[in-house]
Amino acid sequence: MTSEERHEARYRRRKRKRQMKRWMRSQAVGTLEEVFNYRDMFYWGKKCCNGVRWKQSTQNFELHLLSGTAKRRRLILEGKWKPRKCAHFTLHERGKIRPIDAPHIEDRQIHKLENNKVLSPLYAPSMIYDNGASQKGKGLHWHFKRLKKQLSWHYRRYGREGAVFLLDLKGFFPNANRSLIYQRHKKFIMDDRLRALADLIVTESPCTAPGRGMPLGVEPSQQEMVFLPSDIDNFIKCQLGIHCVGHYMDDYYIILQDVEELKRIARIIIKRFEMAGIMVNKRKCKIIPLTKPFRFCKARFTLTETGKIKVNGCRDGVKRARRKLKLFHRQFLEGKRTLQEIDQFMESQTAYYRTFDDHGRLLRLRRMHYAIFNKYREAAPLKMAG
């Protein structure tokens, strides 16, 4: 047997083993009847109400949750369920316009159950550890800690030698290729009826172009998009053997000690994304030496000469907070806002900047808050006494 034949035999054995593991995970998930049982549907229906019980639609949904769950379960098992039309609205967040499609709470019950009992158990084992978005036990600040740990690992071996490659995907949700999602359903969801339901949720989701785009606001679309670049993630981690790599949704970073090698790898990765039908925003892709600060997900990371890693929050956030305090002052004088509401705003700002190395920024912001509003607190007891 030649070396090529041995390589092919090993590849076939590994492929067969991976297929067997996928089949076992799919069997553990169960059939459509087992996944959408009444008990679990009722449990996740209750979960949908948390935080939004002030809405009339939520109150009506919870009032008829017993009978409504039985009705929706019957429609799903008979193959007659179809999601309702989403409520579309637009958010203007920090200069960026985000179109949001919010599903009806009855559909959220189905989406939440599918996401937690089907998509997450089947997708999570194939994701890399450094994929921190929309994962249980992870999140943005977990990812910041993970990046600090990777920077420390790099510094212990190479010092500040090397650079970080920052990559951004263009229109990650609006430009998603749905055919890739359908192929993934066929690969991971072995039960035909479960797969048909997962395909239906994707097909009925509103999109900007035919066959492309996943909506912001629909829970299964978050899980689908988190897993979408997993093949490229595993290529970077396993085949290229890069230790310091990670991504949060559509923002990637790769740290390497050899800058020329990093440039070569950057070209390979961008080509891989383009071949997979995932658009890359080349204008935002950049290679920054580790001797200089770099930004990842609105946070500023600085690796000092001593190996200390400083993480600063968004600088523009302080400017916005100062402008808001001046606006709140005018609204307070007009009687449109209370001191309690302004204090709540300051608590939110304090909670954000305490997680970073931003003691100076927070101190200046609190001094400004004190200088503007403390005189009104001192006058309030005197007014009551008079």
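The values are calculated or read from the model by the stated rules, or taken from the named source; none is laboratory data. Everything numeric in this text was worked out from a predicted model, so none of it was measured. Cβ coordinates were reconstructed from backbone atoms using ideal geometry, including for glycine residues, and neighbour counts include every protein chain displayed. Note: accessible area is taken over every heavy atom of the protein model, side chains too, but ligands, DNA and RNA are not part of it. Shrake-Rupley method; radii C 1.70, N 1.55, O 1.52, S 1.80 Å.
At 7 Å along the Cα-to-beta-carbon direction for both Lys186 and Arg264, put a label point, then send me their distance in nm to one decimal.
Label-label distance for Lys186 and Arg264, simple model: 3.6 nm.
At what distance in nm do the modelled label points of Arg354 and Glu34 sit from each other, each positioned 7 Å from its Cα along Cα→Cβ?
About 4.6 nm, to one decimal.
Students sometimes get this wrong: rank Trp142, Trp54 by accessible area, probe 1.4 Å, all chains present, largest first. Present the calculation step by step, with values, prior to reporting the outcome.
On the way: Trp142 60, Trp54 185 Å².
Descending accessible area places them as Trp54, Trp142.
For Val118, Val29, give me the order by solvent-accessible area with a 1.4 Å probe, most accessible first, ignoring ligands, DNA and RNA. Present the calculation step by step, with values, prior to reporting the outcome.
Numbers: Val118 0, Val29 25 Å².
Greatest to least solvent exposure: Val29, Val118.
Rounded to whole Å and ordered largest first, report the semi-axes of the equivalent ellipsoid of the range 42-191 derived from its Cα gyration tensor (root of 5λ).
37, 20, 17
Cα centroids of the range 158-199 and the range 79-136: how far apart, whole angstrom?
Measuring centre to centre over Cα atoms gives 14 Å.
Near Lys326, which lysines are there with a Cα under 27 Å away, not counting those fewer than 8 places off in the same chain?
Cross-link targets: Lys96, Lys298, Lys336, Lys375, Lys383.
Run the 1.4 Å probe and let me know the accessible area of Glu305, rounded to the nearest 10 Å².
Rounded to the nearest 10, the figure is 140 Å².
Net charge around Asp199, counting only other residues with Cβ within less than 14 Å of its Cβ (Lys, Arg = +1; Asp, Glu = -1)?
Numbers: positive: Lys82, Arg178, Arg184, Lys186, Lys187, Arg193, Arg195; negative: Glu114, Asp191, Asp192, Glu204, Glu224.
Net of charged neighbours comes to +2.
Under a Cβ-only charge scheme (Lys and Arg +1, Asp and Glu -1), can you give me the dipole magnitude of the chain about the Cα centre, in debye to the nearest 20? Numbers along the way, then the final one.
On the way: 82 positive and 39 negative charges, 172 e Å.
Using only the charged Cβ atoms, the result is roughly 820 debye.
If you line up the Cα atoms of the chain on their principal axes, what length do they span on each, largest first, in Å?
95, 64, 34
In deg cm²/dmol, rounded to 500, what helix-only [θ] at 222 nm does the chain give when every DSSP H run of at least 4 residues adds -39500 (n - 2.57) and the total is split over its residues?
Values: 16 runs with 212 residues, N = 386.
For the chain, the value works out to -17500 deg cm²/dmol.
Determine the shape class of the range 94-163: with a ≥ b ≥ c the square roots of the Cα gyration tensor eigenvalues, call it rounded for a/c under 1.5, and otherwise prolate if a/b is greater than b/c, oblate otherwise. Spell out each step's value before the answer.
Numbers: a/c = 3.95, a/b = 1.90, b/c = 2.08.
Verdict is oblate for the range 94-163.
As an exercise, find the ratio Rg/Rh for the range 194-347 from alpha-carbon atoms, using the Kirkwood inverse-distance average for Rh.
On the way: Rg = 21.7 Å, Rh = 19.8 Å.
Ratio of gyration radius to Kirkwood radius: 1.10.
Once you have a ≥ b ≥ c as the square roots of the Cα gyration tensor eigenvalues for the range 140-223, tell me rounded if a/c is under 1.5, and otherwise prolate or oblate according to whether a/b is larger than b/c. Present the calculation step by step, with values, prior to reporting the outcome.
Details: a/c = 3.07, a/b = 2.29, b/c = 1.34.
Verdict is prolate for the range 140-223.
Extent of the range 242-319 along each principal axis, from alpha carbon coordinates, in Å, largest to smallest?
39, 31, 20
Lysine pairs in the range 1-89 8 or more apart or on different chains: how many have alpha carbons under 20 angstrom apart?
So the count of such lysine pairs works out to 8.
Give me the accessible area of His141, 1.4 Å probe, in Å² rounded to the nearest 10.
80
Quick check for you: with a 1.4 Å probe and neighbouring chains kept, what is the accessible area per residue of the chain, in Å²?
Working: 22200 Å² over 386 residues.
I get 58 Å² per residue for the chain.
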